[in-house]
Amino acid sequence: MRGAGSTYNDIVDRHIDAKVERTKWRPLASGRISVAAAAFFLAAQCLAGLAVLLSFNGFTILLGFSSLGVVGLYPFMKRISSWPQAVLGAAFAWGALVGWAAALGSLALAPILLYCGAILWTIGFDTIYAVQDIEDDAVAGIGSTARAFGGRVRLGVGCLYALAVFCVAAAFLAAGAGRWAQGGLGLFALHLALQVTQIDPNNGTLALRLFRSNRDAGLILFAGLAAEIFLTQR
């Protein structure tokens, strides 16, 4: 479904993407594929996601469908707001809710706190990503948190990451997570802190590298949770 969201976003943003140096060679923006072909691919992705979703309980199915409103809204937010990353985070992080609901058939404080933490983390790392496009976004007339923070982008991302770690820590506490999970969280927080110290609003190449390093941050957090399960719950 993340792929479906990206396809939908590229369809809606194809004219804007054509004005931005980094995105002008995307398949739709450059005209290499048609909107009709992209729409067909989007439908195929959604059907695959639907097949997975329908295997869950009723509550999870409703929760999954309700995410479509947020996903549908995202591409238009950059046209009217400096915080489109917040809506992106709300869409990307929905899995925190769906995963818990699929396992337990309901929601609780822990997944809601995790959802909030994941939103804040997404806003942070996508702000870093948007550093690449500050000048082009200004020309195209679209907003981003990177533009909104300006010269204070490092402070802005640092605050977002700190709040993200706080929310995830609270989620772990609410879920009764133990030392392995907490250790993974500590390393995750360290990884984010190191990212912040390296942010340079004038270096798009570095911004892309820091953005991509969030894959490793997520793996670190996951590793702590996996260790908690496999080493303490035998």
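Please treat every number below as a calculation from the coordinates, not as lab data. Keep in mind the model is a prediction, meaning the values are calculated, not measured. When we count neighbours, we look across all protein chains shown, and the Cβ atoms used for this are built from the backbone with ideal geometry, even at glycine.
One table, with the values for the structure above:
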| quantity | calculated |
| --- | --- |
| For region 62-102 and region 168-207, distance of Cα centres in Å | 22 Å |
| Overall form of region 57-232 per C-alpha gyration tensor (a/c, 1.5; a/b vs b/c) | oblate |
| Nearest-0.05 FRET efficiency for F76 and A43, computed from C-beta distance (R0 22 Å) | 0.60 |
| Value of relative contact order over region 57-232, rounded to a whole percent, pairs C-alpha under 8 Å and six or more apart | 23 percent |
| Relative contact order (%) - criterion: Cα under 8 Å, at least six apart; region: region 1-55 | 38 percent |
| Gained length - F230 relative to V52, 0.36 nm times residue gap less alpha-carbon distance | 61.5 nm |
| Dipole magnitude of region 57-232, debye to nearest 20 (Cβ charges: Lys/Arg +1, Asp/Glu -1, about Cα centre) | 120 debye |
